[in-house]
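Chemist: The structure is given below, and queries will be raised subsequently.
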């Protein structure tokens with residue numbers, strides 16, 4: 001089953017967005033907790049949901065319910081303790097910070113600098129993976145990656161890669177300075 005990305009809001013609309021990861025002004029990620037719903041409608045829905053004591057669309061899958069399902073599924077002994085062969089750009093389930101996430105493999109062979117971690121993980125190499133619902137680039141051990149089951153592909157990928165329009169590095173080197181990345 002093919003994955004799909006979250007549609008972008010229409011030009012001129014006002015939506016809620018949360019910045020989840022920043023590389024530099026030309027590359028950062030946002031998550032829109034209410035999708036492309038107009039901010040005023042999202043506020044109305046949130047008020048009605050609070051008054052009714054629960055979500056308005058009971059059967060609708062959310063990122064929270066998807067991640068809960070992933071942690072339940074991949075946390076079972078059937079899915080533990082085996083190494084999965086993966087390829088660059090593949091969507092996978094990756095365990096990071098004791099939780100399972102949907103991730104896209106960015107690099108399949110990142111050398112590990114810390115020998116203690118290499119011994120503990122069963123090898124010195126890691127995978128670079130982008131957590132596609134948050135925009136975070138992380139390193140994970142190959143033993144912490146599994147094939148992503150089709151049932152976890154229904155929800156669109158939640159992180160949206162963004163850049164500031166018309167903003168470029170000051171120098172002609174085309175690289176962002178450390179100072180620019182911090183602001």
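The values are calculated or read from the model by the stated rules, or taken from the named source; none is laboratory data. Quick caveat: nothing in here was measured; it's all calculated off a predicted structure. Every residue, glycine among them, receives a Cβ derived from its backbone with ideal geometry; neighbour counts consider all protein chains shown.
Chemist: Taking the condition of being crowded, with 16+ Cβ neighbours inside 10 Å and within 21 Å of residue 178 (Cβ to Cβ), how many residues in region 27-44 meet it?
Modeler: Narrowing region 27-44 to residues crowded, with 16+ Cβ neighbours inside 10 Å: 28-32, 37, 42.
With the extra rule that they be within 21 Å of residue 178 (Cβ to Cβ), the set shrinks to 28-29.
Of the residues in region 27-44, 2 are crowded, with 16+ Cβ neighbours inside 10 Å and within 21 Å of residue 178 (Cβ to Cβ).
Chemist: I've got another one for you. I'd like the residue in region 29-70 that is under 23 Å from residue 95 (Cα atoms) and out of contact with any strand residue (DSSP E or B) (no Cβ under 9 Å at 6 or more places or on another chain) and, out of all such residues, is modelled with the lowest pLDDT.
Modeler: 61
Chemist: Mind checking which residues of region 15-27 are part of a strand (DSSP E or B) and within 19 Å of residue 63 (Cβ to Cβ)? Give the steps one after another, and end with the answer.
Modeler: Taking region 15-27 and keeping what is part of a strand (DSSP E or B), we get 18-24, 27.
18, 19, 20, 21, listed by residue number.
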